Amino acid sequence: MEGGTIRYLVLVLAILLLATNVLGKHELEERRRDAKHRHAYAAMMYMGTPRDYEFYVALRVMMRSLAKFQVQADRVVIASSDVPVQWVQAMEKEDGLKVVTVTNLKNPYEFQGGFNPRFKLTMNKLYAWSLFDYDRVVMLDSDNLFLQNTDELFQCGQFCAVFINPCIFHTGLFVLQPSKDVFNNMVHELEIGRRNPDGADQGFLVSYFPDLLDQPLFHPPANGTKVNGTYRLPLGYQMDASYYYLKLKWNVPCGPNSVVTFPSAPWFKPWYWWSWPVLPLGFSWHELRRSNLGYASELPLVLIEAALYISIIIVAKLAKPTCSKLCYNRRPEKCSAFMQAMLKVLVLWSVVATYTVPFFLIPRTAHPLMGWPLYLLGTLSLATVVASFFVLPSLAVLTTWIGLAGCLFVMAYPWYSNGIVRALAVFGYACGAAPFAWASLVKIMDSLQTHLEREPFYPRLGEVAQGTEFSKLY
């Protein structure tokens, strides 16, 4: 009896120890999970601009690059309620992002002088202070390119930002501590129309934190603890892309060279296909997208356009220039001088359209190695049509095409010692190519004038051509 009791007690003790071990492991996992999710990288998304899709793609690429660096934080998107449902689902299911849906904050500065309409909804960035589940948040713009893990930023204080401009900090990346009191106060200041020079989030935050320039520079403590207060972040956390173009390499001495930003004109953002080789860093961004997100949405359109351009070239080569019969006629008429002038204008506009129309037909977020070959193929096809339609010398029409292709090779050359040498090389090439471009234009005009003044080989539509004998006698 006593032996059975002892065995029973031992069994109970073993079960208790096992349960304690399991609960201990579970509690440890919960603590690790809680520690991991106390921080977040956040970005905002709103609709209403001509470039909504481009910023959607840019945001996904940036967030996926953060996952590639194995950041120990959540990745959050503050999305306005009108963001398409399929976009939200893609970000949640395919990218693993947490999407927080918000109502657009009214911008009281939209009617002040000099306001840029594309900044109307940037006040949604203030919602970062309402992410109360997190102890620290790194708020980001979509045009950031991460070069390495930046989790040390979560050690910074209640507000930290980088001064790209010597006197005004940049809001493309900043660290904050979410706070209900601060968020409510910001919304109140927004409602009463706090002074805001540019009417955007940057002007508002610069006005809200006016003393940041006088604060110390942030250096992350080696023991991983957090600091309190406001700090200036080292420039290495927001390296303006223009710094790279001067030396074609990164050499920012203050802080780690961690994040590149592109605070340039909207049409020079890195996600456009023409960003490279015009801007050397454009290729880096597209390679990051290729390795993280891919180009499944653009590839079908690129292939369809390429097939269309090839078909145009084949048809233009096989078809006879019958339409030119409407163009050339030597017979003296009252309006002949006017018609000749109009024909010359038509030819010039056709040449211009040859090099502009394909540019706008290419998907804007395609990879440069897809975009530029497609552009050259498109201009080649339209140049072939122009040369055939107006019976112009093909080489003269294609001179600009050859010069443009050569310029791309000059810009893409990867072994320039610095940006100044690269700029001089491009400038020298342009100066050398300019006389050839002008000579080709003169050749086109001379050829056109010759057709207008010569024997009318192409009678007007409906007329009977003159006999062969008459043409020989003439």
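The values are calculated or read from the model by the stated rules, or taken from the named source; none is laboratory data. Everything numeric here is computed off the predicted structure, so don't read it as measured data. Note: ideal-geometry Cβ built from the backbone for every residue, glycine included; neighbour counts use all protein chains shown. To get the accessible areas, we keep the full protein, side chains included, count just its heavy atoms, and leave off ligands, DNA and RNA. Shrake-Rupley method; radii C 1.70, N 1.55, O 1.52, S 1.80 Å.
S394 meets the stated requirement of being open to solvent by 50 Å² or more (accessible area, probe 1.4 Å) and not hydrophobic (A, V, I, L, M, F, W, C). Of the set (1) touching a His at 6+ places or on another chain (Cβ under 7 Å); (2) open to solvent by 30 Å² or more (accessible area, probe 1.4 Å), all apply to N149 but (1).
When the criteria are applied in full, L441 fails the requirement of being closer than 29 Å to V386 by Cα, surrounded by 10 or more Cβ atoms within 10 Å (Cβ to Cβ) and either modelled with pLDDT under 75 or among the small types (G, A, S) (or both).
To keep it simple, each residue is scored yes or no on (1) open to solvent by 20 Å² or more (accessible area, probe 1.4 Å); (2) outside any helix (DSSP H, G or I); (3) out of contact with any Gly (no Cβ under 9 Å at 6 or more places or on another chain); (4) modelled with pLDDT under 90.
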position: R232; (1), (2), (3), (4): yes, yes, yes, no
position: Y243; (1), (2), (3), (4): yes, no, yes, yes
position: L246; (1), (2), (3), (4): yes, no, no, yes
position: G255; (1), (2), (3), (4): yes, yes, no, yes
position: P263; (1), (2), (3), (4): yes, yes, no, yes
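If you take the residues of segment 265-279 that are surrounded by fewer than 20 Cβ atoms within 10 Å (Cβ to Cβ) and in contact (Cβ under 8 Å) with a residue 60 or more places away in the chain, which of them is nearest to W415 (Cα to Cα)?
Pass one, segment 265-279, residues surrounded by fewer than 20 Cβ atoms within 10 Å (Cβ to Cβ): 265-268, 274, 278.
Going one step further and asking which of them are in contact (Cβ under 8 Å) with a residue 60 or more places away in the chain, we end up with 266, 274, 278.
Values: P266: 28, W274: 20, V278: 15 Å.
Once the filter is applied, the top-ranked residue is V278.
If you go through segment 87-138 and keep only what is closer than 23 Å to R38 by Cα, in a helix (DSSP H, G or I) and open to solvent by 50 Å² or more (accessible area, probe 1.4 Å), you end up with E92, K93, E94.
For segment 91-120, the set of residues classified as touching a Phe, Trp or Tyr at 6+ places or on another chain (Cβ under 8 Å) and over 15 Å from L205 (Cβ atoms) consists of V100, V102, N104, F115, listed by residue number.
Which one is most open to solvent (accessible area, probe 1.4 Å), of the residues in segment 347-368 that are within 30 Å of Y295 (Cβ to Cβ) and in contact (Cβ under 8 Å) with a residue 60 or more places away in the chain? Talk me through it step by step, then tell me what you get.
Within segment 347-368, the first condition is being within 30 Å of Y295 (Cβ to Cβ), and the residues that meet it are 352-368.
So of that shortlist, the ones also in contact (Cβ under 8 Å) with a residue 60 or more places away in the chain come out as 359, 362-368.
On the way: F359: 57, I362: 5, P363: 20, R364: 85, T365: 7, A366: 0, H367: 11, P368: 1 Å².
Per the stated criteria, the residue is R364.
Which numbered condition trips up P178, out of (1) outside any helix (DSSP H, G or I); (2) at pLDDT below 95? So the condition that P178 fails would be (2).
Test K325 against the criterion of being part of a loop (DSSP other than H, G, I, E, B) and either modelled with pLDDT under 75 or of a type in the set (G, A, S) (or both), and give yes or no. Considered against the rule, which asks whether it is part of a loop (DSSP other than H, G, I, E, B) and either modelled with pLDDT under 75 or of a type in the set (G, A, S) (or both), K325 comes out as no.
This table checks each residue for (1) in contact with a strand residue (DSSP E or B) (Cβ under 7 Å, 6 or more places away or on another chain); (2) open to solvent by 90 Å² or more (accessible area, probe 1.4 Å); (3) at pLDDT 80 or above.
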site	(1), (2), (3)
L299	no, no, yes
L308	no, yes, yes
R330	no, yes, no
F338	no, yes, no
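Residues of segment 152-167 that are open to solvent by 30 Å² or more (accessible area, probe 1.4 Å) and in contact with a strand residue (DSSP E or B) (Cβ under 8 Å, 6 or more places away or on another chain): Q158, F163, I164.
Checking the stated criteria, V71 turns out not to satisfy the condition of being outside any loop (DSSP other than H, G, I, E, B) and either without any contact (Cβ under 8 Å) to a residue 12 or more places away in the chain or closer than 28 Å to L212 by Cα (or both).
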